[in-house]
1. Applying the selection to the stretch 17-44, what residues are among the polar types (S, T, N, Q) and touching a Leu at 6+ places or on another chain (Cβ under 7 Å)?
2. Got a sec? Which of Ile195, Ile221, Ile216 is β-branched (Val, Ile, Thr), in a helix (DSSP H, G or I) and at pLDDT below 90?
3. Going by the conditions given, is Glu252 at pLDDT below 95 and assigned to a loop (DSSP other than H, G, I, E, B)?
4. Would you please name the residue that is modelled with the lowest pLDDT, looking only at residues in the stretch 25-39 that are surrounded by 11 or more Cβ atoms within 10 Å (Cβ to Cβ) and aliphatic (A, V, I, L, M)?
5. Return the only residue of Lys238, Lys305 being more than 25 Å from the chain's Cα centre (by Cα), on the phi > 0 side of the Ramachandran plot and surrounded by fewer than 21 Cβ atoms within 10 Å (Cβ to Cβ).
6. Answer yes if at least one residue in the stretch 82-104 is modelled with pLDDT under 90, part of a helix (DSSP H, G or I) and surrounded by 15 or more Cβ atoms within 10 Å (Cβ to Cβ), and no otherwise.
7. Collect the residues in the stretch 292-314 that are out of contact with any helix residue (DSSP H, G or I) (no Cβ under 7 Å at 6 or more places or on another chain) and either within 22 Å of Asn242 (Cα to Cα) or not assigned by TED's automatic domain parsing to the domain that holds Glu222 (or both), keeping them in residue-number order.
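The values are calculated or read from the model by the stated rules, or taken from the named source; none is laboratory data. These numbers were taken from a predicted model, which means no experiment stands behind them. FYI the Cβ positions are ideal-geometry reconstructions off the backbone, even for glycines, and counts take in every protein chain you see.
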Amino acid sequence: MMSENKYSDEDIEKKLSKYGTVYLHKDITDDENYIKGNANQKVRLNDFFKALSNYKNFAEKLKSTNLFPNLTLLLYGPPGTGKTSLTRAYARKYKINLCVVESDQLVSSLLGETVDNIRKVVETAVDIANENGPFILFFDEIDAIGSERSNVHEVGEIKRAVISFLQTIDRIGYKGVPLAIIGATNHQQQLDSAIWRRFTFHLEFDFPGYELREEIVKSFIERIRFAGLMIEHEKIEKKLQNELIKINSIAEDLRENQEFISEDMIIKNVKERGENKLIALTYGYSGSDIERGVRVALVKSIGEKKPITYEMLYNSLKLVGGTATHVERQESLSDPTIKEVEHEGDKMLGNLKEIIDENEFQKYLSNIIKIFENIYNIFEKNINLIEKSRKSKNPEAKFYSIIEKLYKLKNG
């Protein structure tokens, strides 16, 4: 039988703050009703938290079955899409404390210290959960301790950390502790395959579509207006409505000619028709990106003592930029596959220059570029290949993924 709150709030913060940020449910301000979109993810998260909150009521009966539920959940997708904020929101709703474990607090360059940190933070959380009831350990950027062990670039310390983390999850599941382990990553392709297997539930988060982006912008407008701040809400909302009508019209035109269309194709057509307004501008923006843009507009409005206009909001969102663009640039700069291709390409072109004259070389290079462009055009028009390149690990999908990145590099 669990004793009542052996650990005070102060005790919990003192013991776990060295590993990250402790969020006591009474202090959390996130609300799932304010976080737009992610309807399916909200349902799954709500079910998960409901089960965790009821866990202690079934603990004794579960012991006799030896079938303890594995309370592990992996959240993956681009940054700013609601992984952490929704977790906090449901922790608040179900009155469950959590600790967001930060990778820079956990990973150490000293031999054995990372493994020791993992063991200590989990053991502490287990003790808190056993004594006080349901508790959550949220491992942010879990790829820092759970990256693929077969990666030749990974050092032994990280490989040991992966093994330690896997063993820790197994022990918790076996003992039936009311402790949920939630992992979040923006780099799911780097996770060790065993990490995927240990997490019972997987939830993918993605960038909001154009209809949801319009809804997100309008929700922020409404909050600003409700607070009594200056904003030309009627004009902005009217323009957003007109933009949405035009985008939907273009989407319908595209559907008449082909069965499958992606938002990438829709927005590309929108921009080609000179309709690159706010909703199209924010393609590849996360909800957090849009919020940052709104905050910039607020600062400008307060500084100039003027109401927020459509133009002010548009320019502010353009200024902050979208996460998708930043992620693509970062991946292009850091992707070892691209670096390897560039290195091998330089060697190949250097060898060609030695055996053929300059004119023939330029002609040869021009033909290679045309081939890549043609392949990418085929790839771009086939939504199935795009999906395969994002989710599959087979050679064909990897090939299309490389083509996409090379083409984007070529076009800046």
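1. The answer is Asn38, Gln41.
2. Ile195
3. No: the conditions fail for Glu252.
4. Ile35
5. Testing whether each residue is more than 25 Å from the chain's Cα centre (by Cα), on the phi > 0 side of the Ramachandran plot and surrounded by fewer than 21 Cβ atoms within 10 Å (Cβ to Cβ) leaves just Lys305.
6. Yes, the stretch 82-104 contains at least one residue that is modelled with pLDDT under 90, part of a helix (DSSP H, G or I) and surrounded by 15 or more Cβ atoms within 10 Å (Cβ to Cβ).
7. The answer is Thr309, Glu311.
Let's see how each residue does on (1) in contact (Cβ under 8 Å) with a residue 40 or more places away in the chain; (2) in contact with an Asp or Glu (Cβ under 6 Å, 6 or more places away or on another chain):
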{"residue": "Ile279", "(1), (2)": "yes, yes"}
{"residue": "Tyr283", "(1), (2)": "yes, no"}
{"residue": "Val294", "(1), (2)": "yes, no"}
{"residue": "Val299", "(1), (2)": "no, no"}
{"residue": "Glu304", "(1), (2)": "no, no"}
{"residue": "Tyr310", "(1), (2)": "yes, no"}
{"residue": "Leu317", "(1), (2)": "no, no"}
